[in-house]
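Engineer: The structure under discussion is supplied below as structure tokens; questions concerning it will follow.
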Amino acid sequence: LPYAVSNQPGMGSFAEFPHDESGTGPFLPEASSLNHSAIPQDAVASYDVEITTLDILLREFKALRATKVVKIDVEGFEAGVLEGAREFIEAVRPHFSIDIHTNPHASGDTSGPVSKILQSHGYEIERAGHVFLCSPRV
């Protein structure tokens, strides 16, 4: 789907490093994001994207109720995606694989805010390196 997912809908400017045909430049997916103020603007391609939430997508696409696993790798904005997924989490009860990153809004990483949100929904969390494997309690 042609959306960025966050905690509230709207529009945003997304910046990403273009593909390097020569293979000499690094592949930097972690530098591609909605929050790209630290990226040199002459080094990236920027374009506007529609931002939505998982809750809104669930209302628009009923087939999402069949979701079994959700992978979240959003370079520090994991808690934001989960904040916009409260209805989705309760209705669908999927398993999550969530990459934990440096928190762009506070010191440390995003493990604390992510744990707090998921535990409030009755999830068990197992850490495997920098990834949270999250399962709904039965």
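Engineer: Determine, yes or no, whether Gly76 is farther than 21 Å from Val138 by Cβ, modelled with pLDDT of 95 or more and not charged (D, E, K, R).
Structural biologist: no
Engineer: Within the range 58-79, take every residue that is out of contact with any helix residue (DSSP H, G or I) (no Cβ under 6 Å at 6 or more places or on another chain) and open to solvent by less than 30 Å² (accessible area, probe 1.4 Å) and give me the one that is farthest from Ser13 (Cα to Cα).
Structural biologist: By that ranking, first place goes to Val70.
Engineer: Still on this structure, I have one more. Please go through the range 37-61 and give me each residue that is farther than 24 Å from Ile98 by Cβ and at pLDDT 90 or above, ordered by number.
Structural biologist: Within the range 37-61, none qualify.
Engineer: Moving on to the next point. Please count how many residues of the range 95-113 are part of a loop (DSSP other than H, G, I, E, B) and within 15 Å of the chain's Cα centre (by Cα).
Structural biologist: Residues in the range 95-113 being part of a loop (DSSP other than H, G, I, E, B) and within 15 Å of the chain's Cα centre (by Cα): 6 in total.
Engineer: Filter the range 110-121 down to residues that are open to solvent by less than 60 Å² (accessible area, probe 1.4 Å) and more than 17 Å from Thr67 (Cβ to Cβ), then give me how many there are.
Structural biologist: Count: 7.
Engineer: Of the residues in the range 1-36, how many are at pLDDT 70 or above, more than 19 Å from the chain's Cα centre (by Cα) and among the small types (Gly, Ala, Ser)?
Structural biologist: Residues meeting the conditions: 2.
Engineer: Among the residues of the range 98-109, which ones are without any contact (Cβ under 8 Å) to a residue 60 or more places away in the chain and either in contact with a Cys (Cβ under 7 Å, 6 or more places away or on another chain) or surrounded by fewer than 15 Cβ atoms within 10 Å (Cβ to Cβ) (or both)? Walk me through it before giving the result.
Structural biologist: Residues of the range 98-109 that are without any contact (Cβ under 8 Å) to a residue 60 or more places away in the chain, as a first pass: 98-100, 102-103, 105-109.
Matches in the range 98-109: Ile98, Thr102, His105, Ala106, Ser107, Gly108.
The values are calculated or read from the model by the stated rules, or taken from the named source; none is laboratory data. Keep in mind the model is a prediction, meaning the values are calculated, not measured. For neighbour counting, all protein chains shown are included, and Cβ atoms are generated from backbone atoms with ideal geometry for every residue, glycine included. Accessible surface areas use protein heavy atoms only, side chains included; no ligands, DNA or RNA. Shrake-Rupley method; radii C 1.70, N 1.55, O 1.52, S 1.80 Å.
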